[in-house]
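Trainee: Got a structure for you, questions after.
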Amino acid sequence: MKGKARSIINILDLSVEELEHLFTLADDIERNPEKYQDRCAHKQLATLFYEPSTRTRLSFESAMLALGGQTLGFAGASSSSASKGESVADTISVMSNYVDIIAMRHPKEGAPVVAAMHTTVPFINAGDGGHFHPTQTLADLLTIRRTKQRLSGLTIGLCGDLKFGRTVHSLIDAMLRYPDNRYILISPEELRLPEYEIDKLHDAGAEFEETRSLEEAIPKLDILYMTRVQKERFFNEEDYVRLKDIYILTPDKLKSAKEDMAILHPLPRVNEISVAVDQDPRAKYFYQTLCGKQMRMALILYLLGLDQ
Ligand code: CP
């Protein structure tokens, strides 16, 4: 029956208990990969990507292959019948006949809600416009949990494009469920966190401040979450060019950071982290991509009921 399968559109669609279960599962997958290598035998994942992606699409595919399953899909609307005018609703109704689970990325906010209404198999939002990116947040949470051994009592700096950066919105939504986290929002005025996210911080009674200065914020942070200025969401090229290099993290700027501060970035990186920072033991952004694959493996298993 349409719309009856479980859909993950927003990170809040998973309870804190379910997140805990997924972290435990991801840890077990890391320790004992052979235990899981055939779990998804004869199961198929569709990756329907209407927008470019490297990590999300390929880590979903890599995750399914590591579980012994198979994958199919498209990487770009132009190679699908969307280019002939087919709706998301119809595409999802068709794909539900072909596969056991679907991951979809779409440039339009809200497209996953339409998909969830039409799917008959588990459905995962792999990013919708400037809205949500729940599986990136799963990667972020596992990285924080493994590097800091906790998800509470942390001072988290979010830096860059806080307006269009969907990963920032999803991460704030997730971290607000854990106690005593403090937020430092580092951006220029034009890329401030949207009011609806600010309202969530107020409603949760969270401690937060807004600043333009990365240098001033750095010494206070346990986590620094850098983001790219999202070129594809700007209405005018001039504004993008003016803002794109506003923050560049360098080894020099890190001199005032805590020795155990973790640097995260959802990637892709453009200029906002100098490659010289990659050698710093605090740089966790490539490790974050491994956490992303393990969390996607855990989520696929959980949604297919193959986690036990
Ligand atoms: N982090 C992330 O979503 O990367 P991709 O756009 O490459 O999938």
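FYI, it's all coordinate maths here, none of it is from the lab. On a predicted model such as this, the values are computed, not experimentally measured, just so you know. Here Cβ is always computed from backbone atoms with ideal geometry, including for glycine, and neighbour counts include all displayed protein chains.
Trainee: To the nearest 20 Debye, how big is the dipole of the chain about its Cα centre, given +1 on the beta carbon of each Lys and Arg and -1 on that of each Asp and Glu?
Mentor: I would put it at about 700 debye.
Trainee: Label points 7 Å out from Cα along the Cβ direction at Ser256 and Asp13: separation in nm?
Mentor: 4.2 nm
Trainee: How would you rank 207-216, 9-18, 153-162, highest first, on the average number of other Cβ atoms within 10 Å across their residues?
Mentor: For the peptides 207-216, 9-18, 153-162, the packing ranking is 153-162, 9-18, 207-216.
Trainee: Would you mind getting me the FRET efficiency between Glu86 and Leu65? Use the beta-carbon distance for r and R0 = 35 Å, nearest 0.05.
Mentor: The value I calculate is 0.80.
Trainee: I need two numbers for region 42-107: Rg to one decimal and Dmax as a whole number, Cα atoms only, in Å.
Mentor: 11.6, 34
Trainee: How large is ³J(HN,Hα), in whole Hz, for each residue of region 238-244 in order, when computed from phi with the Karplus curve 6.51 cos²θ - 1.76 cosθ + 1.60 and θ = phi - 60°, using x for Gly and Pro?
Mentor: Taking θ as phi minus 60°, the curve returns 4, 4, 4, 4, 5, 9, 4 Hz for region 238-244.
Trainee: A follow-up question, please. If the convex hull of the alpha-carbon atoms of region 239-308 is projected onto planes in all directions, what is the mean projected area in square nanometres?
Mentor: Average of the hull's projected areas for region 239-308 equals 7.0 nm².
Trainee: Mind pulling the per residue volume of the convex hull built on the Cα atoms of region 86-201? Å³ is fine.
Mentor: Convex hull volume per residue, Cα atoms: 113 Å³.
Trainee: Just name one of Phe208, Ile218, Leu19: the one whose Cα is farthest towards the positive end of the charge dipole of the chain (beta-carbon charges, Lys/Arg +1, Asp/Glu -1).
Mentor: Of the listed residues, the answer is Leu19.
Trainee: Taking the convex hull of the alpha carbon atoms in the chain, what volume per residue do you get, in Å³?
Mentor: 130 Å³
Trainee: Scan around Gly69 for amide H atoms under 5 Å from its own, H built in the peptide plane at 1.01 Å from N, and keep only partners 5 or more places away or cross-chain.
Mentor: Cys40
Trainee: Have a look at Ala115, Leu306, Val270 and report the one farthest towards the positive end of the charge dipole of the chain, computed about the Cα centre with Cβ charges (Lys/Arg +1, Asp/Glu -1).
Mentor: So the residue we want is Leu306.
Trainee: Turning to a different aspect of this structure: With bins 10 Å wide starting at 0, give me the P(r) of region 135-289 over every alpha carbon pair, in whole percents.
Mentor: 11, 45, 37, 7, 0
Trainee: Whole Å is fine, so just give me how far the alpha carbon centre of region 144-182 lies from that of region 241-265.
Mentor: Answer, in whole Å: 16.
Trainee: Further, regarding this structure: I'd like the Karplus ³J(HN,Hα) series for region 266-273: coefficients 6.51, -1.76, 1.60, θ = phi - 60°, whole numbers in Hz, and an x wherever there's a Gly or Pro.
Mentor: So the Karplus estimates, Gly and Pro as x, are x, 6, x, 8, 10, 10, 6, 10 Hz.
Trainee: Given only helices, namely DSSP H runs of n ≥ 4 each adding -39500 (n - 2.57), what is the per-residue ellipticity at 222 nm of the chain, to the nearest 500 deg cm²/dmol?
Mentor: Dividing the helical sum by the residues of the chain leaves -10500 deg cm²/dmol.
Trainee: Further, regarding this structure: With θ taken as phi - 60° and the coefficients 6.51, -1.76 and 1.60, list the Karplus ³J(HN,Hα) couplings across region 38-50 in order, rounded to whole Hz; mark glycine and proline as x.
Mentor: After applying 6.51 cos²θ - 1.76 cosθ + 1.60, I find 10, 4, 9, 4, 6, 9, 10, 10, 9, 10, 9, 10, 8 Hz.
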